[in-house]
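Heads up: the structure comes next, in structure tokens.
The values are calculated or read from the model by the stated rules, or taken from the named source; none is laboratory data. Remember, predicted model here, so these are calculated numbers, not experimental data. When we count neighbours, we look across all protein chains shown, and the Cβ atoms used for this are built from the backbone with ideal geometry, even at glycine. The accessibility values were calculated without ligands, DNA or RNA, using every heavy atom of the protein model including side chains. Shrake-Rupley method; radii C 1.70, N 1.55, O 1.52, S 1.80 Å.
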2 protein chains.
Amino acid sequence: MSLRNTDVSAEVEHEATCTVLQVLERVSGKWSIGILLAAMNGPVRFTELERGINGISRRMLTLTLRNLERDGLLTRTVYPTVPPKVEYTVTEMARELYDSLRSLTAWAERNLDTIATARHTYDTAKR
Amino acid sequence: MSLRNTDVSAEVEHEATCTVLQVLERVSGKWSIGILLAAMNGPVRFTELERGINGISRRMLTLTLRNLERDGLLTRTVYPTVPPKVEYTVTEMARELYDSLRSLTAWAERNLDTIATARHTYDTAKR
DNA sequence: CGGAATCCCGCAAGATACTG
DNA sequence: CAGTATCTTGCGGGATTCCG
């Protein structure tokens, strides 16, 4: 985006920024992706997630699940049994999101070393 | 990922999570993407960014630029003139990252309405 | 089992002021 | 022009406790 002119192209790219940011907000947060990932291979129960995701607190699990459900990425199903049973299932939209995340993962894997080197160079140069 | 078993597939997916998270950490932060985007069409100067990116503070601009430079996503070039002139240029790695972000943007654009509806439904149902 | 409520803390980020 | 230095605040997230 040329910041010098004020034509439409700047607007377009600004909207692009916003769109990306909205995705990132949705997916950011320490646990969202982990939860989504854990639910990809079929319905998962609350306690399964709690045990399976390393380091997550009960609170954050609940909160993140609520947000994912709210955004329509997860479906919450309650079985009125005793003891209660609740299952979380990823929606089709979430699967598509996951597919999109793959290219990002691929980028990260390709450039992990480059970044590590860049950091090391930067850090040792400045000190 | 089946959280019940402890086979390799769980490990693979856990690593996938970590890789994605590393990307997100790099790109998260309120301003990183905006700055990257603004620098995509050629070298950009500090003040250009400050004026072009809506709402960014001088401090956050500096900090974000430093981090992007440190990770090798941006190159900082100083021209020892007076007044000083500094140009920031995206690296090839950053361009590839941007390309990867496109599929994410595409996903967001496809599902923006769906998400908005989901939220509204969720919010009105719970209240 | 699957939560909700409450308290607490660190850190990202804003505001403001000064400088080579 | 292109920063740095402080001070301050908001909020994400952890720990703990209680509940249907």
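Numerical summary
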quantity	calculated
Filtered residues of segment A:101-121 (kept if over 21 Å from residue A:37 (Cα atoms) and open to solvent by less than 40 Å² (accessible area, probe 1.4 Å))	A:111, A:115, A:118
Residue match in segment B:114-123 (condition: touching a residue at least 24 places away in the same chain (Cβ under 8 Å) and either more than 9 Å from DNA strand D (Cβ to nearest atom) or hydroxyl-bearing (Ser, Thr, Tyr) (or both))	no
Pairs, first within 8 Å of another protein chain (Cβ to nearest Cβ) in segment B:50-77, second among the aromatic types (Phe, Trp, Tyr) and more than 8 Å from DNA strand D (Cβ to nearest atom), C-beta under 6 Å, six or more apart	B:70/A:122
Exclusive hit being of a type in the set (A, V, I, L, M), open to solvent by less than 50 Å² (accessible area, probe 1.4 Å) and either under 17 Å from the mean Cα position of the chain (by Cα) or modelled with pLDDT of 95 or more (or both), set A:63, A:97	A:97
Members of segment B:25-64 that are away from DNA strand C (no atom under 12 Å from the Cβ) and touching a helix residue (DSSP H, G or I) at 6+ places or on another chain (Cβ under 7 Å)	B:36, B:37, B:38, B:40, B:44, B:49, B:52
Enumeration of residues in segment B:83-100 that are without any contact (Cβ under 8 Å) to a residue 12 or more places away in the chain and away from chain A (no Cβ under 12 Å)	B:83, B:84
Selected residue (criterion: nearest to the other protein chains (Cβ to nearest Cβ)) from residues of segment B:101-127 that are among the β-branched types (Val, Ile, Thr) and more than 23 Å from the chain's Cα centre (by Cα)	B:114
Residue within segment B:16-31 that is touching a strand residue (DSSP E or B) at 6+ places or on another chain (Cβ under 7 Å) and either in contact (Cβ under 8 Å) with a residue 12 or more places away in the chain or facing chain A (nearest Cβ under 7 Å) (or both) present	no
When residues of segment B:22-31 are limited to those that are buried (at least 20 other Cβ atoms within 10 Å of the Cβ) and assigned to a helix (DSSP H, G or I), the one nearest to DNA strand D (Cβ to nearest atom)	B:24
Residues that are farther than 21 Å from residue A:122 by Cβ, more than 9 Å from DNA strand D (Cβ to nearest atom) and in a helix (DSSP H, G or I), drawn from segment B:37-84	B:37, B:38, B:51, B:52
